[in-house]
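Quick one: this structure, given as structure tokens, is what I'll be asking you about.
Read-outs: derived from the displayed coordinates by stated rules, not from any lab. Remember, predicted model here, so these are calculated numbers, not experimental data. Neighbour counts are summed over all protein chains in view; Cβ atoms, including those assigned to glycine, are modelled from backbone coordinates with ideal geometry.
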Amino acid sequence: MIRLHHSPGTRSVRTLWLLEELGVDYTLVNYALDKSLREPGYLSLNPAGRVPALEIDGVALFESGAIAEVLCERFSPDSLGRPAGHAQRAQWLQWVHYAETISQHCANLTQQHLMLREDHMRSPIIMQLESKRLAKTIGVLEDVLAQGDYMLGTFSAADIGVAQAVGMGQKFVRLDPFPHVADWIDRLSQRPAWGVAMKDADLFYPQDFYDPWPLPDS
Ligand SMILES: N[C@@H](CCC(=O)N[C@@H](CS)C(=O)NCC(=O)O)C(=O)O
């Protein structure tokens, strides 16, 4: 039995997308990104009160990169995954987890633009800094994707994790300076599994784009 605890538009999209690509049976439980994640029942699945949580074989896992490793090892070691001993194993692990290097900036920007309710709580300096740092993490991908259509040449779970993070990042950083990244996102967005995973993602981000606020003296 596989059950994914998911909130649209969040990091659990990468687990949902991967499950769809794997073609395995699973049950989806949807949550709003609110206090429901602090209920004792949910905390027994993910003690940090975050999404995703994945129940599999009687165990609840709650870190998206580890979940990707476990699912690929079990269901697609040589295609969406790269098994131990494979020439691309180290890079595959690196990119699967690099999604979090990108996502930490998306999370900080989401907090600044959407979660803090009063304007006096927001910081233009943090917004500017985090947008620049996010752009830097996306820029790293441009050189890799200039070499081929996918992060490792062929489509894998590395594309899923990183592209989900870039998808969130696009709310705060424009992709014009990164044409290979933009083409890759276009290519991935044509996959049926992307459509399933991204369902309702925009409910969380009602605006197409969130500009950083200008610094007070600029
Ligand atoms: N490193 C964790 C991060 C999980 C995480 O922070 N998820 C966010 C959504 S993108 C969340 O659940 N936030 C709810 C909260 O902070 O209350 C992973 O990749 O699974």
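Look through region 24-54, keep the residues that are free of Cβ contacts under 8 Å to residues at least 60 places away in the same chain, assigned to a loop (DSSP other than H, G, I, E, B) and of a type in the set (A, V, I, L, M, F, W, C), and return whichever of them is nearest to the ligand (Cβ to nearest atom).
Val51
Sticking with this one: In region 124-141, what residues are loosely packed, with under 14 Cβ neighbours inside 10 Å and not β-branched (Val, Ile, Thr)?
Selection gives Lys132, Lys136, Gly139.
Please go through region 73-88 and pick out each residue that is under 14 Å from Gly153 (Cβ atoms), free of Cβ contacts under 8 Å to residues at least 40 places away in the same chain and of a type in the set (D, E, K, R).
The one that is under 14 Å from Gly153 (Cβ atoms), free of Cβ contacts under 8 Å to residues at least 40 places away in the same chain and of a type in the set (D, E, K, R): Asp78.
Still on this structure, I have one more. Is it true that Thr154 is of a type in the set (Val, Ile, Thr) and under 30 Å from Thr27 (Cα atoms)?
Yes.
Condition check ((1) touching a Pro at 6+ places or on another chain (Cβ under 6 Å); (2) more than 11 Å from the ligand (Cβ to nearest atom); (3) not in a helix (DSSP H, G or I)) across all residues:
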{"residue": "Ala87", "(1), (2), (3)": "no, yes, yes"}
{"residue": "Ala90", "(1), (2), (3)": "no, yes, no"}
{"residue": "Glu100", "(1), (2), (3)": "no, no, no"}
{"residue": "Ser103", "(1), (2), (3)": "no, no, no"}
{"residue": "Leu109", "(1), (2), (3)": "no, yes, no"}
{"residue": "Gln112", "(1), (2), (3)": "no, yes, no"}
{"residue": "Arg117", "(1), (2), (3)": "no, yes, yes"}
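Spot the failing condition for Gly9; the list is (1) within 16 Å of the chain's Cα centre (by Cα); (2) of a type in the set (Gly, Ala, Ser); (3) on the phi < 0 side of the Ramachandran plot, and only one is missed.
Gly9 satisfies all of (1) within 16 Å of the chain's Cα centre (by Cα); (2) of a type in the set (Gly, Ala, Ser); (3) on the phi < 0 side of the Ramachandran plot except (3).
Which of the numbered conditions does Val13 fail, given that it passes all the others? Conditions: (1) more than 10 Å from the ligand (Cβ to nearest atom); (2) among the aliphatic types (A, V, I, L, M); (3) surrounded by 13 or more Cβ atoms within 10 Å (Cβ to Cβ).
Condition not satisfied by Val13: (1).
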